[in-house]
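The values are calculated or read from the model by the stated rules, or taken from the named source; none is laboratory data. Predicted model, so just to flag it, every value in this text is computed and none were measured. For neighbour counting, all protein chains shown are included, and Cβ atoms are generated from backbone atoms with ideal geometry for every residue, glycine included.
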Amino acid sequence: MAKKKKTFAELHDCYVRYVEEIKNKWMSVQRNSFRDVFEVMSPTERERLDKTPIEWAAYITPLAEAWWKKHGYEIIWPAKNTDPTQFRPISRKP
C-alpha cells in the first residue's frame, strides 16, 4: 500500500513538534548554566543570557533546513524577523 503524502499543514505540524522537542532539550542545558534571576545577574551573565536567542538561531537553522529539505521543501528565511518564513517545493528533475 502506498504511503499517503502529507499536506503542507501536516508537515508543518510535524515540524513544530520536532523543533519543540529539540528546543526543550537545548534549553534544559542552557538553563542549567544560569543560576540567578536576571535582576541579580552579573553583567557577564546578562551578556551571555542576551546571546541565547542568537545561539539558538545558529543551532536550529541548519537542522530546520535539513528537515524541510528531507520533506521536499526549501526554507527561505525572512530578511526581517517581522516577515514570515517562506517555503518552496524543491523541484525534482527527471
Report task. Tell me which residues, restricted to segment 77-90, are more than 13 Å from the chain's Cα centre (by Cα) and not hydroxyl-bearing (Ser, Thr, Tyr). Result -> Pro78, Ala79, Lys80, Asn81, Asp83, Pro84, Gln86, Phe87, Arg88, Pro89, Ile90
Requested in this report: Sort through Ile76, Ile54 and tell me the only one that's among the β-branched types (Val, Ile, Thr) and over 30 Å from Thr7 (Cα atoms).
Outcome: Ile54
Requested in this report: Would you point out the residue of segment 30-51, among those that are modelled with pLDDT under 85 and within 30 Å of Gln86 (Cα to Cα), that is surrounded by the fewest Cβ atoms within 10 Å (Cβ to Cβ)?
Outcome: Asp50
Requested in this report: May I ask you to list the residues in segment 62-89 that are in a loop (DSSP other than H, G, I, E, B), farther than 17 Å from Glu10 by Cβ and touching a strand residue (DSSP E or B) at 6+ places or on another chain (Cβ under 9 Å)?
Outcome: Trp77, Pro78, Thr85
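Per-residue answers, yes or no, for (1) free of Cβ contacts under 8 Å to residues at least 60 places away in the same chain; (2) in contact with a Leu (Cβ under 9 Å, 6 or more places away or on another chain); (3) more than 19 Å from Trp26 (Cβ to Cβ); (4) loosely packed, with under 10 Cβ neighbours inside 10 Å:
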position: Trp67; (1), (2), (3), (4): yes, no, no, no
position: Ile76; (1), (2), (3), (4): yes, no, yes, no
position: Thr82; (1), (2), (3), (4): yes, no, yes, yes
position: Arg88; (1), (2), (3), (4): yes, no, yes, no
Report task. Assess whether Arg46 counts as being under 15 Å from the mean Cα position of the chain (by Cα), free of Cβ contacts under 8 Å to residues at least 12 places away in the same chain and part of a helix (DSSP H, G or I). Result -> no
Query raised in the report: Taking into account only those residues within segment 9-29 that are aliphatic (A, V, I, L, M) and surrounded by fewer than 10 Cβ atoms within 10 Å (Cβ to Cβ), which is modelled with the lowest pLDDT?
Result: Val29
